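Below: one structure, written as structure tokens.
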Amino acid sequence: MDKITSTTRLLGLIGNPVKGSLSPEFQNFVIDRLNLGYVYLAFSVEHELLVQAIEGLRALGTSGLNVTVPYKKAVFGEMDALSDSAKAVSAVNTVVFQENGELRGENTDWLGFIKSLERNGFEPRDKRCFVFGAGGAAAAVVYGLLRMNAGRIFIANRTLENARYLVDKLSPYSDGTDLNCGSLSWPGLSEELRESDLIVNATSVGMTGDEGKSICDDPAVFGSNQIVYDLIYNPSPTFFLQMASNEGARTIGGLEMLILQGLESLKLWTRVEFDSFEMLNDVKSFLR
Ligand code: NAP
């Protein structure tokens with residue numbers, strides 16, 4: 001990073017916990033590469049101080065924030081305006097502090113996911129997609145796939161009501177996509193999986209601390225004609241991706257989405273355009 005001076009602008013991450021987040025490392029690397037006059041810091045904020053933290057950052061003239069667990073929904077009420085994607089997904093992962101002092105809530109998770117598919121040569125239009133999970137990350141994935149006119153999206157979730165809620169919430173964004181859901185014990189699950197072009201794990205099953213687990217325990221559903229995506233980036237690869245890879249599927253881990261959503265946030269804050277895919281390669285080498 002260039003010297004911090006009296007004109008250096010502040011960017012940051014709020015969540016709890018934020019320790020271990022990769023965002024400060026890679027955002028400051030990109031800021032340095034592009035020679036931007038910003039610094040990016042992580043703030044662990046207690047829930048009862050969330051509003052004060054945001055107001056304090058506004059008063060200090062902060063340029064932008066990423067928002068992570070558990071505040072992606074909680075910051076909603078503090079925003080003066082929301083992007084269509086933030087409204088659709090009901091989550092804000094990016095706050096833009098505008099020149100007039102207003103706060104604009106955005107969601108770049110869905111774009112990070114879609115850009116990662118694009119980078120891997122997968123075009124969702126008319127394709128069959130299967131998503132495990134119905135939480136915030138799944139909402140971003142399904143919204144992105146709807147925006148890209150996927151042919152069919154099937155959501156499978158442990159709690160069926162949550163999947164049904166997601167289908168209802170996102171149906172208005174479906175322009176001809178067949179959007180459906182079922183529980184993890186639905187009898188047609190294996191066939192649905194086998195026939196899918198893209199399979200995504202958007203649950204937290206398989207994260208560090210839970211490494212030996214996979215949301216799907218039947219390797220026979222995977223094949224060499226599929227792309228299998230796990231939003232989890234630690235461990236890398238997950239057990240789910242190892243299983244799919246053993247069956248010949250092309251696999252993608254969550255690191256790409258994490259970096260690409262962060263790069264989209266940086267573009268919104270700084271209004272500086274750059275090649276996301278080129279930068280993604282540089283960031284990946286740096287983090288390695
Ligand atoms: P969330 O809103 O809490 O949703 C968690 C989802 O996982 C729900 O669908 C939940 O099902 C399911 N789940 C949890 N434990 C389960 C279990 N034991 N068995 C079956 N299903 C289970 O979390 P989120 O924000 O969507 O995040 C989900 C994952 O995506 C996390 O691992 C997160 O790190 C990752 N993520 C990655 C990125 C990236 O950029 N790569 C971005 C966002 C999130 P129920 O509805 O039944 O509870």
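Kindly list the number of the only condition in (1) within 16 Å of the ligand (Cβ to nearest atom); (2) over 28 Å from Ala91 (Cα atoms); (3) basic (Lys, Arg) that fails for Lys284.
With respect to (1) within 16 Å of the ligand (Cβ to nearest atom); (2) over 28 Å from Ala91 (Cα atoms); (3) basic (Lys, Arg), Lys284 is out only on (2).
Among Leu166, Leu179, Leu170, which is of a type in the set (A, V, I, L, M, F, W, C), at negative phi and within 13 Å of the ligand (Cβ to nearest atom)?
Values: Leu179 fails: within 13 Å of the ligand (Cβ to nearest atom); Leu170 fails: within 13 Å of the ligand (Cβ to nearest atom).
Criteria check complete, one pass: Leu166.
Is it true that some residue in segment 215-232 is within 11 Å of the ligand (Cβ to nearest atom), surrounded by fewer than 16 Cβ atoms within 10 Å (Cβ to Cβ) and either modelled with pLDDT of 95 or more or within 22 Å of the chain's Cα centre (by Cα) (or both)?
Of all residues in segment 215-232, those within 11 Å of the ligand (Cβ to nearest atom) come to 215-216, 229-232.
The next check asks that each one be surrounded by fewer than 16 Cβ atoms within 10 Å (Cβ to Cβ); those that pass are none.
No: segment 215-232 contains no residue that is within 11 Å of the ligand (Cβ to nearest atom), surrounded by fewer than 16 Cβ atoms within 10 Å (Cβ to Cβ) and either modelled with pLDDT of 95 or more or within 22 Å of the chain's Cα centre (by Cα) (or both).
Inspect all residues belonging to segment 236-246 and state whether any of them is aliphatic (A, V, I, L, M), more than 30 Å from Leu13 (Cα to Cα) and part of a strand (DSSP E or B).
Restricting attention to segment 236-246, the residues satisfying the condition of being aliphatic (A, V, I, L, M) are 241, 243-244.
Filter again for more than 30 Å from Leu13 (Cα to Cα), leaving 243-244.
Narrowing further to those that are part of a strand (DSSP E or B): none.
There is no residue in segment 236-246 that is aliphatic (A, V, I, L, M), more than 30 Å from Leu13 (Cα to Cα) and part of a strand (DSSP E or B).
Any idea which of Val39, Val18, Val45, Val51 is surrounded by 14 or more Cβ atoms within 10 Å (Cβ to Cβ), touching an Asp or Glu at 6+ places or on another chain (Cβ under 8 Å) and at pLDDT 95 or above?
Values: Val39 fails: touching an Asp or Glu at 6+ places or on another chain (Cβ under 8 Å); Val18 fails: touching an Asp or Glu at 6+ places or on another chain (Cβ under 8 Å); Val45 fails: touching an Asp or Glu at 6+ places or on another chain (Cβ under 8 Å).
From the options Val39, Val18, Val45, Val51, the qualifying one is Val51.
Could we say that Gln27 is modelled with pLDDT of 95 or more and closer than 30 Å to Arg250 by Cβ here?
On the way: modelled with pLDDT of 95 or more: yes; closer than 30 Å to Arg250 by Cβ: yes.
Taking the combined requirement at face value, the residue satisfies it.
Cβ-Cβ below 9 Å, separation at least six or inter-chain, first residue in segment 178-197 and in a strand (DSSP E or B), second among the polar types (S, T, N, Q): which pairs?
Here the result reads Leu179/Ser171; Cys181/Asn157; Gly182/Asn157; Ser183/Asn157; Ser183/Thr159, each pair linking segment 178-197 to a residue that is among the polar types (S, T, N, Q).
Determine whether segment 190-210 contains at least one residue that is within 9 Å of the ligand (Cβ to nearest atom), farther than 21 Å from Tyr143 by Cβ and surrounded by fewer than 18 Cβ atoms within 10 Å (Cβ to Cβ).
Step one: filter segment 190-210 for residues within 9 Å of the ligand (Cβ to nearest atom), giving 201-207, 210.
From what's left, farther than 21 Å from Tyr143 by Cβ: 205-207, 210.
In the following step, the residues that additionally are surrounded by fewer than 18 Cβ atoms within 10 Å (Cβ to Cβ) were identified as 207, 210.
Yes: one or more hits.
Might you let me know whether segment 64-86 holds any residue that is crowded, with 22+ Cβ neighbours inside 10 Å, in contact (Cβ under 8 Å) with a residue 24 or more places away in the chain and part of a helix (DSSP H, G or I)?
Looking through segment 64-86, at least one residue is crowded, with 22+ Cβ neighbours inside 10 Å, in contact (Cβ under 8 Å) with a residue 24 or more places away in the chain and part of a helix (DSSP H, G or I).
Checking the structure you have, find out if any residue of segment 39-50 is small (Gly, Ala, Ser) and touching a residue at least 40 places away in the same chain (Cβ under 8 Å). Before you say what the answer is, go through the steps one by one.
Within segment 39-50, the first condition is being small (Gly, Ala, Ser), and the residues that meet it are 42, 44.
Now narrow it down to the ones that are touching a residue at least 40 places away in the same chain (Cβ under 8 Å): none.
Scanning segment 39-50 turns up no residue that is small (Gly, Ala, Ser) and touching a residue at least 40 places away in the same chain (Cβ under 8 Å).
Looking at Leu184, Leu103, which is the one that is away from the ligand (no atom under 16 Å from the Cβ) and either modelled with pLDDT of 95 or more or under 23 Å from Gly254 (Cα atoms) (or both)? Full working, then the answer.
On the way: Leu184 fails: away from the ligand (no atom under 16 Å from the Cβ).
On inspection, the qualifying residue turns out to be Leu103.
Starting from residues that are under 15 Å from the mean Cα position of the chain (by Cα) and assigned to a strand (DSSP E or B), keep the ones in segment 106-141 and report whichever is nearest to the ligand (Cβ to nearest atom).
Step by step, filter segment 106-141, then rank; the result is Phe132.
The values are calculated or read from the model by the stated rules, or taken from the named source; none is laboratory data. Since we're looking at a predicted model, the values are computed, not measured. Every residue, glycine as well, gets a Cβ built from its backbone with ideal geometry; the counts of neighbours run over all protein chains shown.
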